[in-house]
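> Got a structure for you, written out below as structure tokens; questions coming shortly.
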Amino acid sequence: MAVPCWFMRGGTSRGPFFRAGDMPSDRTARDAVLLAAMGSPDPRQLDGLGGATPLTSKAGIVGPSSRADTDLEFEFAQLQPDSDIVDTTPNCGNMLAAVVPFAIESGLLVPESDTTTARVLTLNTGLAAEITVRTPEGESGRYVDYAGDTRIDGVRGTAAPITINFLDTAGSVCSALLPTGHTRDRVEVEGVGPIEVTCIDNGQPLVIVDASDLNRTGHESVAALNVDKELRDHMEALRLTCGELMGLGDVTAKNYPKMTLASPPARGGTINTRSFIPHVCHESIGVLAGPQFAHFLRFVERNNVWVKVTCPERLSVTGPAALDGQQHAYADVVPFARRAIEEFPDLVLWGTDWPHPNLTDHMPDDGLLVDYVPQVAVTTEQQHKLLVANPMRLFRHHRPQAHPRVGSHDRPGGLCHLAVVRRHVLRIRDRQWHRRPVGP
């Protein structure tokens, strides 16, 4: 039996993709095709496309959707090098990134403009997402543009960006975002003792634990963590306990919940994580271990809170840093800030943490940080609201008595909108920002 497939990379994973119409309708026969394609069960997967790790033992099945609000349906299959089990219960955000390119390459989707956006339903859990890829016009028609300067940790080189807008991730497998009803639970694990964990399902059931509670720093190498039998035994015991707590039953044979060690950052950022899927340490991070931004947007929408679009130098993972005249500093943070400004133009503020205390990896050029503003607030109206109208509304509502030191760096975490303006007079001319020093 011959079945056509396309070998695609999605994020930090890769694997064969199949059109649903080419696959056997019988599940047992379908699983046999996937196992043969991957070369499982065989720890080295010599007779297949698998890469001898769970990260490279994945497959996707894609077909057109019969639903009016959905373009494509995607079924993710997780295989293992040394097992004949095909698990289609979890999600995979990395493989999801390859769905639209595959659909175009295989003829399931026809691009009609310079970018193509499709709504994809993941059949495994009902997760919906809008995915956008570049599809410029070429000599033979429109095509998927794979070349670009976007970089992600865990993958060498650069490529074109693929944007995924997760539409509803809370409670993808469990009953709710917080399946236990608590942000933090204290669980008793034999051989480990009582441990505090966070059990969450925001696109993927996940258990988050402080690395220090397991006597680890969280900064050990992937190789060291993978051979740490004591840690793996303790984490598996914790996973089994939390699986019951999250309403997932016996998860011994399941690929979820995933496990995440959290620890303080060592090279900038806010937090350091090590993700396990679930028994092998991820080389970088699973996409669905971090789609909290979508949930954050819904939180703002429901609670009418203010959002400070600031400090890209602390949030950026891939940079580039605001140094040496860089005109597109912290490009990886721009889409998030821009999205917040677009969705909540009347609830966003600009701020600064100048003189950047405790920032150890680099010291940004503050002028270039100011130039970052029009990258995220792209219209004159957005810039006026961000820098003028919104702060005036907020501070008029909260009198100086309530916030006596706003704008002062003696108040850590305060809204420091005034600190940038104190150092520079800003004016907008033809959407270009110019700086004129006004004294110390």
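The values are calculated or read from the model by the stated rules, or taken from the named source; none is laboratory data. Just so we're clear, the structure is a prediction, and the values are computed from it rather than from any experiment. Cβ: placed from backbone, ideal geometry, glycine included. Neighbour counts: every protein chain shown. Surface accessibility is based on the protein's heavy atoms, side chains included, excluding ligands, DNA and RNA. Shrake-Rupley method; radii C 1.70, N 1.55, O 1.52, S 1.80 Å.
> In terms of Cα to Cα distance under 22 Å, which lysines are near enough to LYS58, apart from those fewer than 8 places away along the same chain?
Candidates past the 8-residue exclusion: LYS254, LYS258.
> Enter the accessible area per residue of the range 1-87 (Å², integer; probe 1.4 Å; all protein chains in place).
I get 46 Å² per residue for this part.
> Between LEU123 and TYR146, what FRET efficiency comes out of the Förster formula 1/(1 + (r/R0)^6) with R0 = 22 Å and r the beta carbon distance, rounded to 0.05?
Working: r = 26 Å, r/R0 = 1.19.
It comes out at approximately 0.25.
> Amide H neighbours of SER172 under 5 Å, at least 5 residues apart or on other chains, H built in the peptide plane: list them.
Distant-sequence amide H within range of SER172: GLY203, GLN204.
> If you don't mind, there's one more thing I want to ask. At a Förster distance of 41 Å, what's the computed FRET efficiency of ALA389 paired with ASP210, Cβ-Cβ distance as r, to 0.05?
With R0 = 41 Å, the Cβ-Cβ based efficiency is 0.50.
> I need the per residue convex hull volume for the range 139-240, using only the alpha carbons, in cubic angstrom as a whole number.
It is 168 Å³ per residue.
> In the range 344-400, carbon and sulfur make up what percent of the accessible area (probe 1.4 Å)?
60 percent
> Separate question: Once each part is reduced to its C-alpha centroid, what is the distance from the range 83-128 to the range 332-366 in angstrom?
That distance is 32 Å.
> Using all alpha carbons of the range 1-97, what is the percent of pairwise distances in each 5 Å bin, ordered from the shortest bin to the longest?
3, 14, 26, 26, 20, 8, 3, 1, 0
> Could you quote the convex hull projected area for the range 116-166, Cα atoms only and averaged over all directions, in nm²?
Mean shadow area of the hull around the Cα atoms is 4.9 nm².
> What whole-number value in cubic angstrom gives the convex hull volume per residue for the C-alpha atoms of the range 1-53?
Taking only Cα atoms, the range 1-53 has a hull volume of 85 Å³ per residue.
> Between ASP228 and THR380, with labels modelled 7 Å along Cα→Cβ, what's the label distance in nm to one decimal, could you check?
5.6 nm
> Something else: Quick one: with all protein chains in place, what share of the accessible area of the range 37-161 is carbon or sulfur, to the nearest percent (1.4 Å probe)?
Ligands and nucleic acids excluded, carbon and sulfur reach 47 percent.
> Along the Cα-to-Cβ line of LEU240, 7 Å from the Cα, sits a label point; which residues in the range 189-229 have backbone N less than 16 Å from it?
189-193
> Now for a different question. Once fully extended, how much extra length lies between PHE336 and SER66, figured as 0.36 nm per residue of separation less the alpha-carbon to alpha-carbon distance?
Computed gain between PHE336 and SER66 is 94.0 nm.
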